[in-house]
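Below is one structure, written out as structure tokens; comments come after it.
The values are calculated or read from the model by the stated rules, or taken from the named source; none is laboratory data. Treat the numbers as computed from the prediction; the structure is a model and nothing was measured. Methodologically, a virtual Cβ is constructed for each residue, glycine included, from the backbone with ideal geometry; neighbour enumeration extends over all protein chains shown. Just so you know, the surface numbers come from the protein's heavy atoms only, side chains and all, with ligands and any DNA or RNA stripped out. Shrake-Rupley method; radii C 1.70, N 1.55, O 1.52, S 1.80 Å.
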Amino acid sequence: MTGISGTSGDGGGGEAGTRRVRVVLVDDHRMFRTGVQAEIGQTATTGVEVVGEAADVDQAVTVITATRPEVVLLDVHLPGGGGVEVLRRCAPLMAAAEDPVRFLALSVSDAAEDVIGVIRGGARGYVTKTITGTDLVDSIFRVQDGDAVFSPRLAGFVLDAFASTDAPPVDEDMDRLTQREREVLRLIARGYAYKEIAKQLFISVKTVESHVSAVLRKLQLSNRHELTRWATARRLV
């Protein structure tokens, strides 16, 4: 199941009480933001103070500009242009000589292009939503210190991408799909049922069905078996 797991230990390496970090949560699912807030926002224990929340790109830019947190937990898929657009519009805050705002992507997606996209945009790290609360707090403090933080298997994507100077090939078929459609595509190709996808992405089954129909139409495929073969051939599974 997707979500923050674990308990609110004394994350931040037991430094709560001597260290504090101000954080903004950016995610379009209110229940997920509430869960993260409950998990890491016990400031006296974790040292993390949640100073703002946002559900889309415009809200995120407004809240981040107003609060100037040390760290932003940023979802990749957001209404209004996604996490990359937030990073683009907050570039001056990231580049500030004093007290720069740093970004840590926190997403259900483990797709290479999502990871690489936000890192190229300026994020300091990328962790998936299966991370424990204690590890998330530790990651926040590390990003505050300027470290780069990645879930273990995602680090390889970044190393591979930045080790090569060649631009990735353009896939015109993939470019037809929205970020959410790509996410649904991968889960379908991995054998997830519609109900499981809905639960994992915090959307309704009807919305999953709509995304699948759109993917099939755009890729000119007839059913999920053809879709799975298409995704496997492109190593998206």
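What number of residues within the stretch 86-110 are part of a loop (DSSP other than H, G, I, E, B), small (Gly, Ala, Ser) and over 22 Å from Arg33 (Cβ atoms)? Lay out the reasoning, then the answer.
So the first thing to find is which residues in the stretch 86-110 are part of a loop (DSSP other than H, G, I, E, B), and the list is 90, 95-101, 108-110.
Still in the list and also small (Gly, Ala, Ser): 95-97, 109.
Adding the requirement that they be over 22 Å from Arg33 (Cβ atoms) leaves 95-97.
Going through the stretch 86-110 one residue at a time, the tally reaches 3.
Cβ separations smaller than 6 Å between residues 6+ apart or across chains give the following pairs from the stretch 219-235 residues that are closer than 15 Å to Leu187 by Cβ and in a helix (DSSP H, G or I) to residues that are of a type in the set (Gly, Ala, Ser) and at pLDDT below 85: Thr228/Ala189; Ala231/Ala189. Evaluate the stretch 113-127: report whether one residue or more is over 11 Å from the mean Cα position of the chain (by Cα) and open to solvent by less than 20 Å² (accessible area, probe 1.4 Å). Looking through the stretch 113-127, none of the residues is over 11 Å from the mean Cα position of the chain (by Cα) and open to solvent by less than 20 Å² (accessible area, probe 1.4 Å). Comparison of Phe141, Phe157 shows that the only residue that is modelled with pLDDT of 80 or more and either touching a Ser or Thr at 6+ places or on another chain (Cβ under 8 Å) or hydrophobic (A, V, I, L, M, F, W, C) (or both) is Phe141.
Kindly indicate which of Arg124, Arg102 is at pLDDT below 95, touching a helix residue (DSSP H, G or I) at 6+ places or on another chain (Cβ under 8 Å) and more than 23 Å from Arg180 (Cβ to Cβ). Outline the logic, then answer.
Details: Arg102 fails: at pLDDT below 95.
Going through Arg124, Arg102 in turn, the sole match is Arg124.
I'm checking my understanding of the structure. Among residues of the stretch 145-154 that are touching a Gly at 6+ places or on another chain (Cβ under 7 Å) and among the aliphatic types (A, V, I, L, M), which one is least open to solvent (accessible area, probe 1.4 Å)? In this case the residue turns out to be Val149. Restricting the stretch 219-237 to residues that are open to solvent by 70 Å² or more (accessible area, probe 1.4 Å) and at pLDDT 85 or above, the residue that is farthest from Leu177 (Cα to Cα) is Ser222. Taken over the stretch 180-218, the criterion of being free of Cβ contacts under 8 Å to residues at least 24 places away in the same chain, open to solvent by less than 60 Å² (accessible area, probe 1.4 Å), assigned to a helix (DSSP H, G or I) and not aliphatic (A, V, I, L, M) is satisfied by Thr207 alone. For the condition in contact with a Leu (Cβ under 6 Å, 6 or more places away or on another chain) and not aliphatic (A, V, I, L, M), Arg182 does not qualify. Candidates are the residues of the stretch 100-112 that are open to solvent by 10 Å² or more (accessible area, probe 1.4 Å) and free of Cβ contacts under 8 Å to residues at least 60 places away in the same chain; the one that is nearest to Leu87 (Cα to Cα) is Arg102.
Out of all the residues in the stretch 136-144, is one or more surrounded by fewer than 23 Cβ atoms within 10 Å (Cβ to Cβ) and either in contact with a Pro (Cβ under 9 Å, 6 or more places away or on another chain) or outside any helix (DSSP H, G or I) (or both)? There is no residue in the stretch 136-144 that is surrounded by fewer than 23 Cβ atoms within 10 Å (Cβ to Cβ) and either in contact with a Pro (Cβ under 9 Å, 6 or more places away or on another chain) or outside any helix (DSSP H, G or I) (or both). Counting only helices (runs of 4 or more DSSP H) that sit completely within the stretch 1-79, those holding 3 or more residues that are modelled with pLDDT of 95 or more and open to solvent by 30 Å² or more (accessible area, probe 1.4 Å) correspond to 57-67.
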